[in-house]
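Some notes on the structure that comes next.
The values are calculated or read from the model by the stated rules, or taken from the named source; none is laboratory data. No experiment lies behind these values; they were computed from the predicted model shown. Cβ: placed from backbone, ideal geometry, glycine included. Neighbour counts: every protein chain shown. Surface areas here come from the heavy atoms of the whole protein model, side chains and all, with no ligands, DNA or RNA. Shrake-Rupley method; radii C 1.70, N 1.55, O 1.52, S 1.80 Å.
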Amino acid sequence: MNESEKIMAARRSEMVRDLRRKGIIDERVLEAIGSVERHRFVHEESLDYAYDDAAWPIGYGQTISQPYTVAYMTSLLAARCSPPAKVLEIGTGSGYQAAVLDALGYRVYSVERIPELYERAARLFRSLGIPVRCRLADGSLGWEEEAPFEGIMVTAAAPDCPQHLLGQLSPDGCLVIPVGGQDTQQMTVCRRSGDRFEKELFHHFAFVPLIGREGWN
Ligand code: SAM
């Protein structure tokens, strides 16, 4: 390990301690977050701050999610759906959340609607040897050809739970999604039980909007 890798590794460990202090208690999630090199996923200009608990711009008006948010959503998913489940992420963005899901042992599929972000993330996954399957499309419609999924995670704000995503859950699958207005949303878990869906509501967050047929215009 060279000097700068050692510095990044130390910052990553400190970030994990910070997440633990903030209430993230799932050790599997903390271990996965501790193993993913977030500095590979941020833009050059955010490199020094890669392990701060903050969202940073990744271009095209989008952001890499804050580590706390990634840990929070991943904990909600991991409590309901264990690896190696097949999981779909909507909103690949930088690729960081998908890489954390992969590190946990999920079989990860991810959809992005902005071509430049999709291409950058796909290149990064290839170069880091991360086996996330990704696709350029409107993720509010899911990924029909690969359904069903035991878990679906949406990393953009939706006005409601998209019917296409609910329909692509396996019979006991769950959807983790921030639902609300364009300013703040409530983290929502929608659990399928056969033909029925049960909703649980959690903390408030502020995400960029899910743009698409079952999102915002
Ligand atoms: N998960 C990302 C990460 O780890 O960097 C952060 C996601 S960023 C907060 C939200 C992403 O959702 C953006 O990249 C945005 O382009 C994408 N997005 C918005 N609407 C979408 C849609 N309908 N289908 C797919 N991606 C969408």
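Which of the residues spanning segment 104-123 are closer than 13 Å to Arg28 by Cβ and assigned to a helix (DSSP H, G or I)? Answer for segment 104-123, where residues must be closer than 13 Å to Arg28 by Cβ and assigned to a helix (DSSP H, G or I): just Leu104.
Residues of segment 103-127 that are among the aliphatic types (A, V, I, L, M) and in contact (Cβ under 8 Å) with a residue 40 or more places away in the chain: Ala103, Leu104, Ile114, Leu117, Leu124. As a summary of the residue check, Arg191 satisfies the conditions (1) open to solvent by 10 Å² or more (accessible area, probe 1.4 Å); (2) in contact with an Asp or Glu (Cβ under 6 Å, 6 or more places away or on another chain); (3) closer than 25 Å to Ile64 by Cβ except for the one numbered (3). Of all residues in segment 80-102, those that are touching a residue at least 60 places away in the same chain (Cβ under 8 Å) have Cβ atoms under 7 Å from Cβ atoms of residues that are among the acidic types (Asp, Glu) and open to solvent by 10 Å² or more (accessible area, probe 1.4 Å), 6 or more apart or on another chain, in Cys81/Glu150; Ala85/Glu150; Lys86/Glu150; Val87/Glu150; Gly91/Glu112; Gly93/Glu112. Taken residue by residue, segment 23-42 has at least one member that is in contact with a Ser or Thr (Cβ under 6 Å, 6 or more places away or on another chain) and part of a helix (DSSP H, G or I).
In summary, Ile130 fulfils each of the numbered conditions (1) part of a loop (DSSP other than H, G, I, E, B); (2) without any contact (Cβ under 8 Å) to a residue 24 or more places away in the chain; (3) within 13 Å of the ligand (Cβ to nearest atom) with the single exception of condition (2).
Quick check on Ala121: is it within 18 Å of the chain's Cα centre (by Cα), within 12 Å of the ligand (Cβ to nearest atom) and open to solvent by less than 30 Å² (accessible area, probe 1.4 Å)? Judged against the criteria, Ala121 is a match. The set of residues in segment 178-205 being closer than 22 Å to Gln62 by Cα and free of Cβ contacts under 8 Å to residues at least 40 places away in the same chain consists of Pro178, Val179, Gly180, Gly181, Gln182, Asp183, Thr184, Gln185, Gln186, Thr188, His204. Would you pick out the residues in segment 45-77 that are buried (at least 18 other Cβ atoms within 10 Å of the Cβ) and away from the ligand (no atom under 11 Å from the Cβ)? Scanning segment 45-77 gives Ser46, Ala50, Tyr51, Tyr68, Ala71, Tyr72, Ser75, Leu76, Leu77.
One line per residue, one yes/no per condition, for (1) touching a helix residue (DSSP H, G or I) at 6+ places or on another chain (Cβ under 6 Å); (2) at pLDDT below 95; (3) of a type in the set (Val, Ile, Thr):
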{"residue": "Gly59", "(1), (2), (3)": "no, no, no"}
{"residue": "Ile64", "(1), (2), (3)": "yes, no, yes"}
{"residue": "Thr69", "(1), (2), (3)": "no, no, yes"}
{"residue": "Ala85", "(1), (2), (3)": "no, no, no"}
{"residue": "Glu89", "(1), (2), (3)": "yes, no, no"}
{"residue": "Gly95", "(1), (2), (3)": "yes, no, no"}
{"residue": "Ala99", "(1), (2), (3)": "no, no, no"}
{"residue": "Gly105", "(1), (2), (3)": "no, no, no"}
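Note on segment 186-217: residues that are in a strand (DSSP E or B) and either farther than 19 Å from Thr92 by Cβ or away from the ligand (no atom under 13 Å from the Cβ) (or both) total 17. Checking segment 93-115 against the condition returns a match, with at least one residue being open to solvent by 10 Å² or more (accessible area, probe 1.4 Å), over 24 Å from Cys161 (Cα atoms) and touching an Asp or Glu at 6+ places or on another chain (Cβ under 9 Å). Checking each residue in segment 80-103 for being more than 10 Å from the chain's Cα centre (by Cα) and either more than 14 Å from the ligand (Cβ to nearest atom) or assigned to a strand (DSSP E or B) (or both) picks out Arg80, Cys81, Ser82, Pro83, Pro84, Ala85, Lys86, Val87.
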